[in-house]
1. Looking only at region 413-441, which residues are small (Gly, Ala, Ser), farther than 22 Å from Glu468 by Cβ and either under 15 Å from the mean Cα position of the chain (by Cα) or open to solvent by less than 10 Å² (accessible area, probe 1.4 Å) (or both)?
2. Please count how many residues of region 115-136 are under 26 Å from the mean Cα position of the chain (by Cα) and closer than 24 Å to Phe87 by Cβ.
3. Can you tell me which of Lys376, Lys462, Lys417 is in contact with a Leu (Cβ under 9 Å, 6 or more places away or on another chain) and free of Cβ contacts under 8 Å to residues at least 24 places away in the same chain?
4. Which numbered condition trips up Ser55, out of (1) at pLDDT 95 or above; (2) among the hydroxyl-bearing types (Ser, Thr, Tyr); (3) more than 27 Å from Arg172 (Cβ to Cβ)?
5. Which of the residues spanning region 193-242 are β-branched (Val, Ile, Thr) and closer than 20 Å to Lys313 by Cβ?
6. From (1) acidic (Asp, Glu); (2) within 30 Å of Lys552 (Cα to Cα); (3) assigned to a loop (DSSP other than H, G, I, E, B), pick out the condition that doesn't hold for Asp500.
7. Those residues that are part of a loop (DSSP other than H, G, I, E, B) and either open to solvent by 30 Å² or more (accessible area, probe 1.4 Å) or closer than 18 Å to Arg310 by Cα (or both), I need them from region 238-268; list them, please.
8. Wholly within region 333-444, which strands (runs of 3 or more DSSP E) include no fewer than the required count, namely at least 1 residues that are in contact with a strand residue (DSSP E or B) (Cβ under 9 Å, 6 or more places away or on another chain) and more than 30 Å from Gly145 (Cα to Cα)?
Amino acid sequence: MRGKKLWNAVMAGMLCVSMLAGCGAKTENTPSEPAASEAAQTGEQESTEKAVEESAEAAGETPSWKKDTSPITIDWFVAYDWYGKVFDPVNNMADKKLQTETGITINVITGNADKLNALIVSGELPDVVTFDAVASQRLQMEDSGMVLDLEELSEKYAPDLNVPQSQKDWYRNDDGKWYSLVSFYYGPERCTDEFGGFLVTHNSNFVRTDLLEQIGMSMEDLKTKEGFYEALKKVKDEKLQYDGMDVIPLTGVYATNMAQQFGAQLEDKEGNLQDIKLQPEYLEALKFYNRLYREGLITTDEFTQDQTQRDQKVASGQVFMAQGWMTVKQPRSALYSSDPNAKMLYCGSITTGDSGNQHYLSSINAAGWTTTMITKSAEHPDRIISLFSYLTQEEAALDEEYGCGCYDIVDGKAIRKEEAVKEYEDDYNAAYNKYNMNLSFAMDYTIIQKYENLNVENELEKDRINMERDKDAQLYDDKCFSDINPMAGTDLAAIKASIDEYWKSAEPQMIMASSEEECEKLYQQAIDQIKSMGFDQLYEFQNEKFHKNKQKLGIDFAWPSLQ
């Protein structure tokens, strides 16, 4: 049983490996393990090929990627040093399937933003490039004519490219063309009950349910500001311990997150952008944290420890409550593996603050993570766009997430095969390198949401599913609000960087102030300081970009309560 629970805990963390990549997490490959047997490979490959053939027959036409399967090799540059993909059709089933279905072999080249810049300057760009969609190089390459129009290519060679129309429109260049295939984009046409996708937030609170029971409180109590405070206070007053260690009441201090939970609004009634730092709920969040700090419910370590140290505390069972999904995602699995009774579970969020405003929480990366582009240097753009079509299909997304040949579709849900589960349980890295594509740069995660099996045994995985589908967590699409910053290398970008750096150092001083009055005084001084650093000039640019974003979507208001 313990082995099964450990496997379930690992899978709870790994089910969203692609989604984590969308948030900037690192995904690494270890050297490939030989396939279990050639006969097993052949049987699994025939099964996947048959599925593709049946899909094509059902559609009544040959998929674009199968129209020309003559062997070619493409060079694909990925601007992430940590990316360890090696295309291995001999030992990797997903790579073999891709090569068989498309005829394409991928030569993966890794680097970083500096190497990408060098390639741009030299004019020696490979066939395909992938990097952050928000990076300045995207517009640089589009505006300089270095990349090809994907819409024109898809209409001519790959009409089955499976990309939401809203993605094309959002990333359409001023010249009217669409150059950027973006991963982990949450299109409104797919974030519907009919399709099965939905927005996700990382602004969530978590609690040790066993300790919560000890202090005689419920999760419902934690959804009010005062109940949240009272729970933390009880933990300290009752001197709770776990495994011989004093329990820390709270870790994960994010003023922006708390301000959102308190009901901060980012757009005014005239449709103008509102910077969250200037909203009363942000000051309310700072004062609330200051109260917690002064009463010993937040420790000084909160402002000096790194992520690894925080993870260790959560994993050791030393923490009662935590804020932010990324604060608990990995360490809570480790804790649960060592003690199944020590569950750090989702407890919702504070529903409102002093203003009484309905809270709206920002979604994560609704505009996506990476951009992948076909350069003008590409020798086979027709074949590459057909490869993109292959990678954007639902089957490819499921292969990416669950492993090629490792799942069945039952009643519209992806169910893992027992034999595959055992392989992952015995050696996760070997199984991953045998079955998973690790090419999530075309991934649309709403497809995974659509097929996700909701009937799981593991409590942590079930908790994640409930968290992501919590109807009480009111979310808003963050596209209009996130894509508003000045281009890197400009004077305004330098102003923003300076303001961000200053605020990062000033905010802990506000939270650790000796009194509420001192906290507010330091806050007002910080506002005056950023104004003197050029905040108003930066805001004017951001507000103008915000209005343009709304025009792009054809809306007057982006904030939910104003629509």
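The values are calculated or read from the model by the stated rules, or taken from the named source; none is laboratory data. In this text, all values refer to a predicted model and were calculated from it rather than measured experimentally. Please note: Cβ atoms are built from the backbone with ideal geometry, for glycine as well, and neighbour counts cover all protein chains shown. Just the protein is used for accessible areas: all its heavy atoms, side chains included, with ligands, DNA and RNA removed. Shrake-Rupley method; radii C 1.70, N 1.55, O 1.52, S 1.80 Å.
1. Answer for region 413-441, where residues must be small (Gly, Ala, Ser), farther than 22 Å from Glu468 by Cβ and either under 15 Å from the mean Cα position of the chain (by Cα) or open to solvent by less than 10 Å² (accessible area, probe 1.4 Å) (or both): Ala420, Ala431.
2. Of the residues in that region, 8 qualify.
3. Lys462
4. Exception for Ser55: condition (1).
5. Selection gives Val207, Thr209, Ile215, Val235.
6. The single condition Asp500 does not satisfy is (3).
7. Once the filter is applied, which keeps residues that are part of a loop (DSSP other than H, G, I, E, B) and either open to solvent by 30 Å² or more (accessible area, probe 1.4 Å) or closer than 18 Å to Arg310 by Cα (or both), region 238-268 yields Glu238, Lys239, Asp243, Gly244, Val247, Gly252, Val253, Tyr254, Gln265, Asp268.
8. The strands (runs of 3 or more DSSP E) meeting that bar are 344-346, 407-410, 413-416.
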